[in-house]
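Below is one structure, written out as structure tokens; the observations come after it.
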């Protein structure tokens, strides 16, 4: 049986374009490039992180007309994260919102995971890490004063062997969810309520 260069969907390519496309070989049915290869080629919000285990990262930001201190007070109220973060069903810490504090987070889609505060600078930033076997997620939150506004940055990085399976799904969810979360945070910080 003769193999024919094709696109991922199985269509034959003209000879002039075969060198610059993802190609596979068609036998009885199309063989597509690996899922991770196709996924990386389609991402717009993907940024390779500055460390070497090829983790995946998504970042979104928004400008909020209030002080970093006010936004940080919303962050510190962990048990109410679900009121402005639609991807959080429940979250709590065993103790105060401080460096080293441990707790649990339950996403709206998924199982409850442990979390620990690994970085915290009041009114500037905090980071929470969640680990399960073969997978780690790092949630970074940064506040940058910009005159009367504050630029809010939410960044999620995930690493570990399971990122190949979970990464594409999480990237898609985060690129939908993070803008909604930031929009709700903006409403809460500026107006005191979420419409």
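Each reported figure results from applying straightforward, stated rules to the coordinates on display, with no laboratory input. Source: prediction; values computed, not measured. So basically every Cβ, Gly included, is an ideal-geometry build from the backbone, and we count neighbours across all protein chains shown.
Things worth noting here:
- Three-way shape call for the stretch 142-195 based on the alpha-carbon gyration tensor, with the a/c threshold at 1.5: oblate
- Shape class of the stretch 44-191 from the alpha-carbon gyration tensor: prolate, with a/c at 1.5 or above and a/b greater than b/c.
- Label-reachable residues, the stretch 150-172, where backbone N falls under 12 Å from a point 7 Å from residue 131's Cα toward its Cβ: 160
- Antiparallel %, DSSP beta bridges [both residues in the stretch 111-151], to 5: 100 percent
- Comparing Cα centroids, the stretch 178-193 and the stretch 89-118 end up 21 angstrom apart.
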